[in-house]
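Below is one structure; the comments refer to it alone.
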Amino acid sequence: MRTWDRLLASARKCGPVTAYAQKTRLVIQARVRFAGVVVRSGHLDAGLWLRRRVEHPRLQRVEDYGPLGYGHHFRLERPADIDTELQKLVEEAYRVGTQELTRRNPS
């Protein structure tokens, strides 16, 4: 769970967050939920809610949430997978979670 700890620490660098376990996932929330993980065998399926579509080497899939933005899913196998670029995406997702970013950006 060191990878989860690193992701949570990345979110906490942005500001106050609440982390909690749901039935099938772990969630990170500011005002609203903006990140979460599903624990898989050997990796985490980590999701970030962003208002725009992005690319990243660890990106596995993107869900279209319509006017709300996109759910980006990343395969994280070790703490080092949370690189500088992914840290910036966590910061952006945090801004979605605080509802600072409220409009979907064009892809």
Looking only at the range 1-31, and only at residues there that are of a type in the set (S, T, N, Q) and touching a helix residue (DSSP H, G or I) at 6+ places or on another chain (Cβ under 7 Å), the one that is surrounded by the fewest Cβ atoms within 10 Å (Cβ to Cβ): Gln29
Enumerated strands (runs of 3 or more DSSP E) restricted to the range 1-90, each holding at least 3 residues that are in contact with a Phe, Trp or Tyr (Cβ under 9 Å, 6 or more places away or on another chain) and closer than 18 Å to Leu101 by Cα: 33-40, 43-50, 70-76
Qualifying positions in the range 74-97 - surrounded by fewer than 17 Cβ atoms within 10 Å (Cβ to Cβ), within 22 Å of Gly15 (Cα to Cα) and touching a Lys or Arg at 6+ places or on another chain (Cβ under 6 Å): Pro79
Extreme residue, farthest from Arg2 (Cα to Cα), among residues of the range 44-89 that are without any contact (Cβ under 8 Å) to a residue 24 or more places away in the chain and among the β-branched types (Val, Ile, Thr): Val62
Answer from Val37, Val27 - the residue that is aliphatic (A, V, I, L, M), in contact with a strand residue (DSSP E or B) (Cβ under 8 Å, 6 or more places away or on another chain) and closer than 20 Å to Lys88 by Cβ: Val37
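Of all residues in the range 41-54, count the ones that are under 18 Å from Leu76 (Cβ atoms) and modelled with pLDDT of 95 or more.
Let us first name the residues in the range 41-54 that are under 18 Å from Leu76 (Cβ atoms), namely 41-50, 54.
If we keep only those that are modelled with pLDDT of 95 or more too, we end up with 43-50, 54.
Number satisfying all stated conditions: 9.
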The range 43-72, subset within 16 Å of Ile28 (Cα to Cα) and surrounded by fewer than 18 Cβ atoms within 10 Å (Cβ to Cβ), residue nearest to the chain's Cα centre (by Cα): Gly71
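May I ask you to list the residues in the range 40-68 that are basic (Lys, Arg) and either on the phi > 0 side of the Ramachandran plot or in contact with a strand residue (DSSP E or B) (Cβ under 6 Å, 6 or more places away or on another chain) (or both)? Let's see the steps before the verdict.
Filtering the range 40-68 for residues basic (Lys, Arg) gives 40, 51-53, 58, 61.
If the condition is that a residue be basic (Lys, Arg) and either on the phi > 0 side of the Ramachandran plot or in contact with a strand residue (DSSP E or B) (Cβ under 6 Å, 6 or more places away or on another chain) (or both), then Arg53, Arg58, Arg61 are the ones that fit.
The values are calculated or read from the model by the stated rules, or taken from the named source; none is laboratory data. Everything quoted here is computed from the prediction, not taken from an experiment. Methodologically, a virtual Cβ is constructed for each residue, glycine included, from the backbone with ideal geometry; neighbour enumeration extends over all protein chains shown.
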